[in-house]
Amino acid sequence: MRLSYYPGCSLTGTAREYDHSVREVARLVGIELSEIPDWNCCGASSAHMTDHELAIRLSARNLLLAQPEGRDVLVPCAACFQRLRRADLALKKDPKRWGVSDYRPSFKIVHVTPLLSRPDFLLKIREQVTRRLSGLRVACYYGCLSLRPPAVTGAVRYEDPRGLDLITEALGAEPVSWSHKTECCSGSLTMARPDIARALVSDIAKAAGRAGAQALVVDCPMCHANLESRQSDDSPLPVFFATELINLAVTGKSTRKQWRQHLVDPRHLLGSVGF
Amino acid sequence: MSEAISPKQSSAHLPAALKQAGLDVEACYQCGRCSAGCPVSACFDLLPMQVVRLCVYGQEDLLQRSQTIWLCAACETCTTRCPNGIDIAGVMDLLRRRVLAQKLKPGQPRVAAFHKSFLRSVRRWGRTYEAGMLGAYKLRTGDFFGDLKLGLAMLSRGKLRMLPRRIRRRREVKKIFKQKGKIE
């Protein structure tokens, strides 16, 4: 399977470990990724929050760059995923308005979790696990933009999503049942209003703790940065990208270098479950 | 009682703009699902359902002075749960846009400064340049010491690049910024 790849800005900076792990997992399950040439920022979230027109046009440039390849576009960032989907819908609905009368894409925009939680990929992942993550209790946190609004994202179980739970289960970890799977962490406010971000993140982390989770698992770079940086300082929960856990279970190895970029060091926790 | 949410204060400007943007607010029957689900509503001065009602009446001055439109995190829970299909998060986007277009003072200047710094960076490089954007944001807001520890922690982990990653055809992105608003 070959897919176009739109990493988005976060994956070239604050979430490089996500980019790295997505590329690794793609290789493991037999997906060849080709990065969209010369892609630009999709504008999320500042563009659409202040200028609808700009937001659609910034994302549209990426779609037009992806069009010649004609392959489905894999987008690991939930915010980019939702913005590219929105632009795709806008261009299809009114191509004349956006000056793209020849926009007839044969591709879909796909997020990492719905793809990897497909039965065929789950099977491939399960087959390659060399060391199960037994005893690791995780709270799968989905956040907002890979799910909402469903008319844009195509999400089916948008109030009680299962994708990350299925993936972590396939790795031998124990996803807990909990209350804050889809509560916003306020990533878009985290710079200007860290006080609000701290309050929301603290609610989420406490809910995960109440349910018995030892770590959070995410599939969005904004959520990851926000959850890692805005928890209170006493015993914060480590936050993993689902793709990092897949690599961990497949390689069976946890190295210092692997977690170098994490603000909350997960090595103590991983040590307690035998890594 | 000029502050009351009341049809007596109504004006047609905002309803016309909403209609033009394809945002239909008139079906709201004030059930409150948007406001119950909103994760940030505890910090709001107007609940999402009040925002919608003010839109129906066209009471834009109250909305334009509000903190709510700037504290909305754009999580789209309200839009998702509205039983009448009202795109409330889209309404918030439009209200912010109108405050900026009319050059009014945003209810949360820091939030507006963040958006401005972010977009400047995209306009210049074609992608987000975090370190440059943070610097510009701090200059705009005078918030020099907030998150200093976090910034250093991110720097030491290679999460903040000192140099921008630019795209090749930056001119195309600049053109997008220039042409926006122009309907072809």
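The values are calculated or read from the model by the stated rules, or taken from the named source; none is laboratory data. Here the structure is a predicted model, which means the values were calculated and not measured. FYI the Cβ positions are ideal-geometry reconstructions off the backbone, even for glycines, and counts take in every protein chain you see.
For region B:54-80, a tally of residues being out of contact with any Ser or Thr (no Cβ under 7 Å at 6 or more places or on another chain) and either surrounded by fewer than 18 Cβ atoms within 10 Å (Cβ to Cβ) or among the aliphatic types (A, V, I, L, M) (or both) returns 9. Being over 25 Å from A:P149 (Cα atoms) and modelled with pLDDT of 95 or more is a property that holds for A:I31. In region A:226-245, the residues that are over 19 Å from A:I196 (Cα atoms) reach residues that are of a type in the set (D, E) and part of a helix (DSSP H, G or I) with C-beta atoms within less than 8 angstrom, at least six apart or across chains, in these pairs: A:V239/A:E228; A:F241/A:E17; A:T243/A:E24; A:E244/A:E17.
Of the candidates A:P68, A:P37, the single residue that is surrounded by fewer than 24 Cβ atoms within 10 Å (Cβ to Cβ) and either among the basic types (K, R) or in contact with a Leu (Cβ under 8 Å, 6 or more places away or on another chain) (or both) is A:P37.
In region A:159-175 there is no residue that is within 14 Å of chain B (Cβ to nearest Cβ), touching a helix residue (DSSP H, G or I) at 6+ places or on another chain (Cβ under 9 Å) and crowded, with 24+ Cβ neighbours inside 10 Å. The numbered conditions (1) over 22 Å from A:V264 (Cα atoms); (2) within 23 Å of the chain's Cα centre (by Cα); (3) at pLDDT 90 or above are all true for B:R169 except (2).
This table checks each residue for (1) outside the structural domain of A:S21 (by TED's automatic domain parsing); (2) β-branched (V, I, T); (3) part of a helix (DSSP H, G or I); (4) surrounded by fewer than 24 Cβ atoms within 10 Å (Cβ to Cβ).
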residue	(1), (2), (3), (4)
A:A207	yes, no, yes, yes
A:L216	yes, no, no, no
A:L227	yes, no, yes, no
A:F240	yes, no, no, no
A:L248	yes, no, yes, no
A:T255	yes, yes, no, yes
A:V264	yes, yes, no, yes
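Looking across region B:14-40, the residues that are farther than 20 Å from A:E53 by Cα, in a helix (DSSP H, G or I) and touching a helix residue (DSSP H, G or I) at 6+ places or on another chain (Cβ under 8 Å) come down to B:R33, B:C34, B:S35, B:G37. For region B:124-140, filtering for residues that are within 8 Å of chain A (Cβ to nearest Cβ) and assigned to a loop (DSSP other than H, G, I, E, B) leaves 3.
For A:T14, are the conditions met, namely being over 22 Å from B:E172 (Cα atoms), within 11 Å of another protein chain (Cβ to nearest Cβ) and hydroxyl-bearing (S, T, Y)? Yes; evaluated as a whole, the condition is true for this residue. Exactly one of these conditions fails for A:P221: (1) more than 14 Å from chain B (Cβ to nearest Cβ); (2) touching a Gly at 6+ places or on another chain (Cβ under 9 Å). Give me its number. Going through (1) more than 14 Å from chain B (Cβ to nearest Cβ); (2) touching a Gly at 6+ places or on another chain (Cβ under 9 Å) one by one, A:P221 breaks only (1).
Given the criteria over 16 Å from A:L115 (Cα atoms) and aromatic (F, W, Y), does A:Y141 qualify? Spelling it out, A:Y141 is indeed over 16 Å from A:L115 (Cα atoms) and aromatic (F, W, Y).
Residue-wise test of (1) facing chain A (nearest Cβ under 8 Å); (2) buried (at least 20 other Cβ atoms within 10 Å of the Cβ); (3) more than 30 Å from B:A27 (Cα to Cα); (4) not hydrophobic (A, V, I, L, M, F, W, C).
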| position | (1), (2), (3), (4) |
| --- | --- |
| B:V91 | no, yes, no, no |
| B:L95 | no, yes, no, no |
| B:R98 | no, no, no, yes |
| B:F114 | yes, yes, yes, no |
| B:F118 | yes, yes, yes, no |
| B:V122 | yes, yes, yes, no |
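A:A47 meets all of the listed conditions (1) facing chain B (nearest Cβ under 7 Å); (2) crowded, with 24+ Cβ neighbours inside 10 Å; (3) touching a Gly at 6+ places or on another chain (Cβ under 7 Å) but one, namely (3).
So which residues in region B:141-171 are assigned to a loop (DSSP other than H, G, I, E, B) and over 28 Å from A:S59 (Cα atoms), if there are any at all? Within region B:141-171, B:G142, B:D143, B:F144, B:F145, B:G146, B:D147, B:R157 meet the criteria.
Would you pick out the residues in region B:4-34 that are of a type in the set (G, A, S), on the phi < 0 side of the Ramachandran plot and away from chain A (no Cβ under 14 Å)? Scanning region B:4-34 gives B:A4, B:S6, B:S10, B:S11, B:A12, B:A16, B:A27.
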